[in-house]
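Since the structure comes first, as structure tokens, the remarks are kept for the end.
The values are calculated or read from the model by the stated rules, or taken from the named source; none is laboratory data. Being a predicted model, the structure only gives us computed values, none of them experimental. In this analysis, Cβ positions are derived from the backbone assuming ideal geometry, glycine residues included, and neighbour counts consider all displayed protein chains.
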Amino acid sequence: MKVTIPGAGYQIKVVGHRPTPLRDFYHALLQMPWRWTFVVISAFYLVANAAFALGYLATGGISHAAPGSFADAFFFSVQTMGTIGYGAMYPETRVANVLVVTESLVGLLLTALATGLVFAKFSLSRARIMFTRTAVISPSNGVPTLMFRFGNERGNQIVNAQIHLVLMRTERTAEGGTFYRSYDLKLVRDKALSLSRSWSAMHVIDRNSPLHGQTPESVQAQEVEIHVMVLGTDDTTMQAIHASHRYFTNDIHWGMRFADVLSETDDGNMLLDLSKFHDTLPTEPTTDFPYPRAS
């Protein structure tokens, strides 16, 4: 089994597990894009009708259906499952009536499942949060700081927004084994009353930071990943929502800063220029931060 990690650039292949292909099928349907959900529902509907059409074709008993015609049997099945009942074709034997009753029950179940699935997907609130394509490490008030931006792409607000940052890297134990260790990264600000547009997350690289003393070469060797999780409540649906993102070593640019997206207009108002959301600019090297380039 292959598991795709959202926002990650790789897949995890799982071996040795007990296969359960149907256990999480409903959950998989909820995660599917709408177009694939409609494809799956349509496929089930057509396959079910085709199966009953074969039953009608094998047993007969459908009045006004052409003998041996799969098309007529299929159209009669669709009329039965869809409770259309034009009246041109109808069951005239006991076996055919038993199949009609069975198909009616199956049709009720399929309709209920499809209705519940569509309603669940419509009512499921999903966040639309955009993260900058890169994270940067540059001086802030003379101290090296890890920074990235994210913002709400919808016009509503995410209330009680919280952000969690975790660094993962490969370490070697004293016995020579490989260990994937996680470190919580403390943010200058990890909560906001509401998130409407843009928020700059900042982690100061001081002596308590796992990034202290690191270089572009060392984080590359340690296969560093930075995991971001944003939690909050959608103020429109009042449902809990979340969004996640990952920054790999190649996504961390040293000696760069983000371009300003906020500016003041001549009439005293503030202008948010989202066209510069991902733009970065080089910083001047300092004694404590000698990285004037992206790596």
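Identify, from the list Thr80, Thr37, the residue that is more than 30 Å from Arg126 (Cα to Cα), surrounded by 17 or more Cβ atoms within 10 Å (Cβ to Cβ) and of a type in the set (Val, Ile, Thr). Outline the logic, then answer.
Values: Thr37 fails: more than 30 Å from Arg126 (Cα to Cα).
Just one listed residue meets the conditions, Thr80.
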Inspect segment 202-221 for any residue being touching a helix residue (DSSP H, G or I) at 6+ places or on another chain (Cβ under 8 Å) and among the β-branched types (Val, Ile, Thr) and give the result as yes or no.
yes
Is it true that Val101 is more than 44 Å from the chain's Cα centre (by Cα), over 21 Å from Ala43 (Cα atoms) and part of a helix (DSSP H, G or I)?
no
Among the residues of segment 131-158, write down those that are modelled with pLDDT under 90, surrounded by fewer than 17 Cβ atoms within 10 Å (Cβ to Cβ) and in a loop (DSSP other than H, G, I, E, B).
Asn141, Gly142, Glu153, Arg154, Gly155, Asn156
Output the qualifying pairs, or none if there are none: Cβ atoms under 6 angstrom, residues six or more apart or on different chains, first residue in segment 207-222 and assigned by TED's automatic domain parsing to the domain that holds His253 and within 16 Å of Glu171 (Cα to Cα), second residue surrounded by fewer than 18 Cβ atoms within 10 Å (Cβ to Cβ) and β-branched (Val, Ile, Thr).
Gln222/Thr170
Select from segment 37-68 the residues that are in contact with a helix residue (DSSP H, G or I) (Cβ under 7 Å, 6 or more places away or on another chain) and of a type in the set (Ser, Thr, Tyr) and write down the one among them that is farthest from Leu105 (Cα to Cα).
Thr37
Residue check for Arg133: in contact with a strand residue (DSSP E or B) (Cβ under 7 Å, 6 or more places away or on another chain), in contact (Cβ under 8 Å) with a residue 60 or more places away in the chain and either at positive phi or of a type in the set (D, E, K, R) (or both)
no
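If you take just the strands (runs of 3 or more DSSP E) that sit entirely in segment 164-283, which of them hold at least 2 residues that are charged (D, E, K, R) and modelled with pLDDT of 85 or more? Give the derivation first.
On the way: elements: 178-184, 191-195, 198-204, 225-234, 240-248, 252-254, 256-258, 262-264, 270-272, 280-282.
In segment 164-283, the matching strands (runs of 3 or more DSSP E) lie at 178-184, 225-234.
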Are there any pairs, at least 6 apart or on different chains, whose C-beta atoms fall under 8 Å, with the first in segment 171-188 and in the same structural domain as Val204 (by TED's automatic domain parsing) and free of Cβ contacts under 8 Å to residues at least 40 places away in the same chain and the second loosely packed, with under 11 Cβ neighbours inside 10 Å and in a loop (DSSP other than H, G, I, E, B), and if so, which?
Phe179/Thr173; Lys186/Asn208
Go through Gly55, Gly68, Gly85 for me and flag whichever is at positive phi and either assigned to a helix (DSSP H, G or I) or at pLDDT below 85 (or both).
Gly85
Which number in (1) in the same structural domain as Met81 (by TED's automatic domain parsing); (2) over 30 Å from Phe52 (Cα atoms) marks the one condition that Ile137 misses?
(1)
